[in-house]
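Colleague: Have a look at this one.
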Amino acid sequence: MGATQAAFLREFADVFRSEAPDVSWTGGQGKHNTASLLTHQAGRRGGAYNKAERFELGDLTAAFNDHKIIIEFESKQVAIANLLKYWPYLRGELSSKPELPVLICHFSDWWSYGVYRDLWQWTLSQMQSDPKCLQHIVGCQFDHGGSNVSLRHSAIEQAVEWLLRRATVTE
């Protein structure tokens, strides 16, 4: 994790804690926050499958009001794979299964790459309509502002407000 991402995630967690002090945030690539795709083992040179290969399930995660909150941070454009990996997770096809409905905030730099954000929104809508999902997902994208501190603060405030509002809605 880079310094910019780490600082952003600390700031996000601090702002959220100011509204909900009892929330415990975790994240990273430890086994508690990762999962592997058990159903496919293609695309490896020499055909070697490494059972230690795993997806990180959020740069930052927390359980709050019977929801799993997931924060994803991209330094540049939104990476569709960082949303797409939640589809098999929601369907129960990863080594870790969802126990709560998911709220995901995905932060990226909106200076360009609008088509990637469009694809993210389309993918989310397809996930939401998939009857095989074990839990529901609701998501929102936010512009972290790049080096613009004012935009970053504003995006974090908007995301925290969105999460607090969504976590009180019964799906």
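Colleague: Answer with yes or no whether Lys85 is basic (Lys, Arg), open to solvent by 50 Å² or more (accessible area, probe 1.4 Å) and closer than 26 Å to Tyr116 by Cα.
Modeller: On the way: basic (Lys, Arg): yes; open to solvent by 50 Å² or more (accessible area, probe 1.4 Å): no; closer than 26 Å to Tyr116 by Cα: yes.
In short, no.
Colleague: Shifting gears a bit: How many residues does the range 17-32 hold that are within 14 Å of Phe73 (Cβ to Cβ) and either among the acidic types (Asp, Glu) or open to solvent by less than 20 Å² (accessible area, probe 1.4 Å) (or both)?
Modeller: Counting residues in the range 17-32 that are within 14 Å of Phe73 (Cβ to Cβ) and either among the acidic types (Asp, Glu) or open to solvent by less than 20 Å² (accessible area, probe 1.4 Å) (or both) gives 1.
Colleague: Separate question: Under the condition of being modelled with pLDDT of 85 or more and of a type in the set (Lys, Arg), which residue from the range 45-80 is surrounded by the most Cβ atoms within 10 Å (Cβ to Cβ)?
Modeller: Among residues in the range 45-80 that are modelled with pLDDT of 85 or more and of a type in the set (Lys, Arg), the one surrounded by the most Cβ atoms within 10 Å (Cβ to Cβ) is Lys68.
Colleague: Hey, can you tell me all the residues within the range 106-158 that are of a type in the set (D, E, K, R) and either under 19 Å from Lys76 (Cβ atoms) or assigned to a loop (DSSP other than H, G, I, E, B) (or both)?
Modeller: Within the range 106-158, Asp109, Arg117, Asp118, Asp130, Lys132, Asp143, Arg152 meet the criteria.
Colleague: Scan the range 1-28 for residues that are more than 16 Å from Asn65 (Cβ to Cβ), among the polar types (S, T, N, Q) and not in a helix (DSSP H, G or I) and report the count. Step through it out loud before you land on a result.
Modeller: So in the range 1-28, the residues more than 16 Å from Asn65 (Cβ to Cβ) come out as 1-15, 18, 26-28.
Subset that is among the polar types (S, T, N, Q): 4-5, 18, 26.
From what's left, not in a helix (DSSP H, G or I): 26.
Looking only at that region, the number is 1.
The values are calculated or read from the model by the stated rules, or taken from the named source; none is laboratory data. Just so it is clear, the model here is predicted, and its values are computed rather than measured. Methodologically, a virtual Cβ is constructed for each residue, glycine included, from the backbone with ideal geometry; neighbour enumeration extends over all protein chains shown. Heavy atoms of the whole protein, side chains included, go into the accessibility calculation; ligands, DNA and RNA do not. Shrake-Rupley method; radii C 1.70, N 1.55, O 1.52, S 1.80 Å.
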